[in-house]
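Below: one structure, written as C-alpha cells.
The values are calculated or read from the model by the stated rules, or taken from the named source; none is laboratory data. This is a predicted model, so every value here is computed, not measured. A quick note on method: Cβ atoms are made from the backbone with ideal geometry, for glycine too, and the neighbour counts reach across all protein chains shown. Ligands, DNA and RNA are excluded from the accessible area calculation, which covers all protein heavy atoms including side chains. Shrake-Rupley method; radii C 1.70, N 1.55, O 1.52, S 1.80 Å.
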Amino acid sequence: MRYASITGWGHYAPSRVVTNDDLAEVMDTSDEWIRSRSGIRERRFAEDGETTATMSVQSGRLALERAGVAPDAVDLILVATSSPDHLTPPVSSQVQEKLGAGPIGAMQITVGCTGFVYALVTAQQFIQNGTADTVLVIGTELISRWLRWDHRSTAVLFGDGSGAVVVEATETPCGVVEHVLGSDGAGAEHIIVPAGGGAQPTTHEALDAGDMTVKMNGREVFKFATRVMGSALGTVLEKAEMTTDDVDLFIPHQANARIIEYAANEYGLSPEKVVMNVDRYGNTSAASVPLALAEAFDDGRAQPGDLLALVAFGAGLTWAAALVQLAPSLAALDAVERSDTAVTALS
Ligand SMILES: CC(C)(COP(=O)(O)OP(=O)(O)OC[C@H]1O[C@@H](n2cnc3c(N)ncnc32)[C@H](O)[C@@H]1OP(=O)(O)O)[C@@H](O)C(=O)NCCC(=O)NCCS
C-alpha cells in the first residue's frame, strides 16, 4: 500500500506589512471596524516585481529544502491560485521552470480559497495510484492587485502570500486519511471577478465599474462559511469514523476569526487545537491553509504522528476538508530541532 507523506513545508510572506491604520489612510475605514468584524490587524502586500510565480518559487524552494528533495527529483507540481500572473499560460509552468524542475507535469488548480486542499487531495491520488513519487503542492495568492480601494468591505479582508508542502510516497500509513470536496455553483455571484473572462470580456466600462476586481457579498459568504466550515469538518470526521478528540490540530481557511471561532465552538475544539494567523496575514485565499500549516510546523505545534484537520471554503462556491495524518517521524522536523540545538549551544 502506498501512502502520501508530507515531508517538507515552507511559506513566504512579502515583507511589506500593511496595517489597518495604513488602509484607513486611503479609504473610509478604521482599525476598530476591521478588527471587530474580521480579527485582522495587518496583512502583507507583494512588492513591485513580485508575482504569484516568484512567491510560489520562494515557498516551494523552502519546502523542497526541508524535505531534502532536489527540484529535479519532483514528479509533479500543483499550484493552487486564483490570482495567477496571466490568464494563460498557467503559472504552474513558470514555477516549474523557475524552480529548476525537469520537464514534468505542472498544473494550476483554481478553486478559490479552497484550492490548496483540493490540490493536496489531488497529489495524494497521484501518489496512491503509483504515477508519482514526489509532488510539490503550492498555494499562492497575489490578491492585492485584484482589489479596488473604494470597495472597502472587500479590500480590507485580503492579503498576499504563499505556502507549500512536499508530499512523498511511503509505505508507512499516513497522509490524507479521508477527504470531502464540494461545490455549489448556484452561489457563483457571491465571490466573483465578473469581467475579463469569456462571459464578460474586458471593456473600458467593465474596468470603470470595478468588474475586473474581486466583488463579494460579505453577508452571504459569511452565512455560507459558518455553515460549511462545520459541516465539512463533521462529514470528514464521520467518513473516517473519528471525532474531534482524534484531531490534534484544526487548520482552517483563514478568512475571518469569527468564522473560525464559530466552527471551533460548534465542535468543542479548544484554542490550543486551532491554528489562527488571520490577524497577521488577512485572507490569503489559496495560500491561507498552507501558510498556517507551515507556521504550525515552524512553531512546533504540528508534531510527528499528529492528525491535522484542514478545512477550507471559497469562491465557486466550494469547500473541502481533509484529515491528514503526519508520519510518526519527520526528518525535516528533526533537522529543525537539530539546528535549534546548535543555535542554543552557540549562544
Ligand atoms: C465582510 C464582513 C466582514 C462584513 O461584516 P458585517 O458585520 O457583515 O458588516 P456589514 O456588511 O453588515 O456592514 C456593516 C456596515 O459597515 C460598513 N462597512 C463595510 N466595510 C467597511 C469598512 N471596511 N470599514 C468601515 N465600515 C465598513 C458597511 O457599509 C455597513 O454600513 P451601513 O450599515 O451604514 O450600510 C463579513 O460579512 C464577512 O466576514 N463576510 C465573509 C467574508 C469572507 O469570509 N470572505 C472570504 C471568502 S473565501
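Each row is one residue, and each column tells you yes or no for (1) at pLDDT 95 or above; (2) open to solvent by 10 Å² or more (accessible area, probe 1.4 Å); (3) of a type in the set (Asp, Glu).
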{"residue": "ARG43", "(1), (2), (3)": "yes, no, no"}
{"residue": "ALA53", "(1), (2), (3)": "yes, no, no"}
{"residue": "GLN58", "(1), (2), (3)": "yes, yes, no"}
{"residue": "GLU65", "(1), (2), (3)": "yes, yes, yes"}
{"residue": "LEU76", "(1), (2), (3)": "yes, yes, no"}
{"residue": "SER83", "(1), (2), (3)": "yes, no, no"}
{"residue": "VAL95", "(1), (2), (3)": "yes, no, no"}
{"residue": "MET107", "(1), (2), (3)": "yes, yes, no"}
{"residue": "VAL117", "(1), (2), (3)": "yes, no, no"}
Working carefully through the options ALA63, ALA24, find the one that is within 14 Å of the ligand (Cβ to nearest atom) and out of contact with any helix residue (DSSP H, G or I) (no Cβ under 6 Å at 6 or more places or on another chain).
-> ALA24
Has the range 163-179 got at least one residue that is among the β-branched types (Val, Ile, Thr), open to solvent by less than 20 Å² (accessible area, probe 1.4 Å), over 23 Å from PRO71 (Cβ atoms) and not in a helix (DSSP H, G or I)?
-> yes
Taking the range 272-302 as the search range and keeping residues that are touching a strand residue (DSSP E or B) at 6+ places or on another chain (Cβ under 9 Å) and among the polar types (S, T, N, Q), which one is surrounded by the fewest Cβ atoms within 10 Å (Cβ to Cβ)?
-> ASN283
Given the residues ASP150, ASP160, ASP184, which is the only one that is closer than 27 Å to THR235 by Cβ, within 16 Å of the ligand (Cβ to nearest atom) and in contact (Cβ under 8 Å) with a residue 60 or more places away in the chain?
-> ASP184
Confirm whether PRO194 is open to solvent by 10 Å² or more (accessible area, probe 1.4 Å), within 26 Å of VAL91 (Cα to Cα), outside the structural domain of LEU142 (by TED's automatic domain parsing) and not aromatic (Phe, Trp, Tyr).
-> yes
State whether the residues of the range 284-307 include one that is part of a strand (DSSP E or B), among the hydrophobic types (A, V, I, L, M, F, W, C) and in contact (Cβ under 8 Å) with a residue 60 or more places away in the chain.
-> yes
Does the range 133-140 include one or more residues that are open to solvent by less than 10 Å² (accessible area, probe 1.4 Å) and within 27 Å of GLY210 (Cα to Cα)?
-> yes
Considering the range 312-335 alone, what residues qualify as being in contact (Cβ under 8 Å) with a residue 40 or more places away in the chain and either over 24 Å from PRO84 (Cβ atoms) or more than 14 Å from the ligand (Cβ to nearest atom) (or both)?
-> ALA321, ALA322, LEU323, VAL324, GLN325, LEU326, ALA327, PRO328, LEU330, ALA331, ALA332, ALA335
Going through the range 1-35 one residue at a time, which ones are surrounded by fewer than 20 Cβ atoms within 10 Å (Cβ to Cβ), touching a residue at least 40 places away in the same chain (Cβ under 8 Å) and among the aliphatic types (A, V, I, L, M)?
-> MET1, VAL18, VAL26, MET27
Residue check for THR213: open to solvent by 10 Å² or more (accessible area, probe 1.4 Å), more than 23 Å from the chain's Cα centre (by Cα) and either away from the ligand (no atom under 16 Å from the Cβ) or farther than 25 Å from LEU308 by Cβ (or both) = no
Do we find that VAL221 is within 17 Å of THR81 (Cα to Cα), outside the structural domain of PHE116 (by TED's automatic domain parsing), surrounded by 13 or more Cβ atoms within 10 Å (Cβ to Cβ) and within 16 Å of the ligand (Cβ to nearest atom) in this structure?
-> no
